[in-house]
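Enquirer: I have a structure I would like to understand better, so I am pasting it below and will then ask my questions one at a time.
Just so it is clear, none of the values below were taken in a lab; they were calculated from the coordinates. A quick note: this is a predicted structure, and the numbers were derived from the prediction, not measured. A quick note on method: Cβ atoms are made from the backbone with ideal geometry, for glycine too, and the neighbour counts reach across all protein chains shown.
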Amino acid sequence: MKKVIVMVFVFLMMFQLVIALDCPFEEVNCEYPGNCGRYVDYNSDGLCDYSEEEQEISLVKSEVIEQAQVKASSKYNFMIIFIITLVAYFLTWFLSWSGKMKLVNHRKIWNFILLISFLISGILGLLLVLRIEYGFNFSFGLNNLFWHVELGIVMVIVSFFHIFWHLNYYKNYLKF
């Protein structure tokens, strides 16, 4: 039984490797951004490496990876989102501290922001998976990956506030 499982696993791994080398949509010379979400251009010729007629399989140098990371990091607005979220949080906290807003309302606002950012980021993540794996394209005129990441940043920041609110709960839970 173990041999059968190992053979099936090896077969599936080999099948995945063969699929990974070909364009899933059988496109030829697919240009950026591509149709499937698997767009890769290591040789910087503007065409997806999986769709090129003559594929050259080579090792990716660390310079290419570093260049891709620099390009990717420059297109998201982490610091702007971080600062705006912090300012908004401390504004509502100050209003609740000064008595102009109830603490319950302050927490409701941030729980709602956490919920909305989670739902939208999660749904966009699922749409991206459906696009990559099955070829469904649900763009709604938006850049799904961009908004998935942007709202993910908001979600992580607000999650830290949420964890901080419930720190005593976690301390008691860990003591048990």
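Enquirer: At Tyr42 and Ile132, where each label point lies 7 Å from the Cα along Cα→Cβ, what is the point-to-point distance in nanometres?
Expert: Result for the modelled spin labels: 1.7 nm.
Enquirer: At 7 Å along Cα-to-Cβ for each site, give me the label-to-label distance between Lys171 and Ile123 in nm.
Expert: So the two model labels end up 3.9 nm from each other.
Enquirer: Let me check the size of the range 78-175 from its C-alpha atoms; what are the radius of gyration and Dmax in Å?
Expert: 16.7, 53
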